[in-house]
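**Student:** Here you go, one structure.
The values are calculated or read from the model by the stated rules, or taken from the named source; none is laboratory data. A quick note: this is a predicted structure, and the numbers were derived from the prediction, not measured. Positions of Cβ are generated from backbone atoms using ideal geometry, with glycine treated the same way; all protein chains shown enter the neighbour counts.
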Amino acid sequence: MIIASPCVVSLTWRLEDAQGQLIDELDTPMEFLVGGEDLLPKVEQTLLDQAAGFEANLHLEPEHAFGDYDADLVFFEPRDIFPAEVSPGMQFDGPPEGASTPDLPREAIYTVTEVYDQHVVLDGNHPLAGLALRLSLKVHDVRAALEEEVAQGSVSSLPFSLAPSPGPDDTLH
């Protein structure tokens, strides 16, 4: 089957920064919806009209990956609005309750980057924002997408992200 939107591809990959440092490696094939929210547009574009067995080595500039780093998405919030166990790496889906900074974007995932006695630093940038990336991928299989997959825009219940998902204890809400 030729890759066309919508369909499901089974991929493995190796993701590195521009200096060749490993960020993520997917050794076991995993399914992603082409024509949905699972893959970066540049990756989808590369996959179109290909078939199982296709391999590619992509160089992704920030604008084709997770965007430029935006210093305006870094905020300082009072320490007392966070639970006692707050630590760097924890994430919030949207701003935490009681945030004092007006107009925090509601759709961002905020990562705690530093914890001080009086405040906590939140970063709304994707962890890979501002980075040029190298992605080596291989297509292992291609199949027709199910109606449910097309309707939700993803093979799984969570859209694909090159950054590791937080563990159940790392997301506060």
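**Student:** Within the group A99, A18, which residue is small (G, A, S), in the same structural domain as V142 (by TED's automatic domain parsing) and over 26 Å from S154 (Cβ atoms)?
**Tutor:** The conditions single out A18.
**Student:** Search the range 80-119 for residues being of a type in the set (S, T, Y) and farther than 17 Å from D70 by Cβ, and hand back the single one that is surrounded by the fewest Cβ atoms within 10 Å (Cβ to Cβ). First the steps, then the outcome.
**Tutor:** If we filter the range 80-119 for residues that are of a type in the set (S, T, Y), which is where we start, we get 87, 100-101, 110-111, 113, 116.
In the following step, the residues that additionally are farther than 17 Å from D70 by Cβ were identified as 87, 100, 116.
Numbers: S87: 12, S100: 12, Y116: 9.
For the range 80-119, the residue satisfying everything is Y116.
**Student:** Let me ask something else. Counting residues that are at pLDDT 95 or above, which strands (runs of 3 or more DSSP E) fully inside the range 1-118 reach at least 2?
**Tutor:** In the range 1-118, the matching strands (runs of 3 or more DSSP E) lie at 7-17, 22-34, 55-60, 109-115.
**Student:** Test A144 against the stated conditions and say whether it is aliphatic (A, V, I, L, M), surrounded by fewer than 16 Cβ atoms within 10 Å (Cβ to Cβ) and modelled with pLDDT of 95 or more.
**Tutor:** Answer is yes for this residue.
**Student:** Of all residues in the range 25-41, which are in contact with a strand residue (DSSP E or B) (Cβ under 6 Å, 6 or more places away or on another chain) and under 15 Å from F66 (Cα atoms)?
**Tutor:** Matches in the range 25-41: D38, L39.
**Student:** Kindly establish whether G124 is among the small types (G, A, S) and at pLDDT 95 or above.
**Tutor:** Considered against the rule, which asks whether it is among the small types (G, A, S) and at pLDDT 95 or above, G124 comes out as no.
**Student:** To continue, here is another question. As an exercise: evaluate A144 against (1) touching an Asp or Glu at 6+ places or on another chain (Cβ under 9 Å); (2) over 29 Å from A18 (Cβ atoms); (3) in the same structural domain as L40 (by TED's automatic domain parsing) and give the number of the one condition it does not meet.
**Tutor:** (1)
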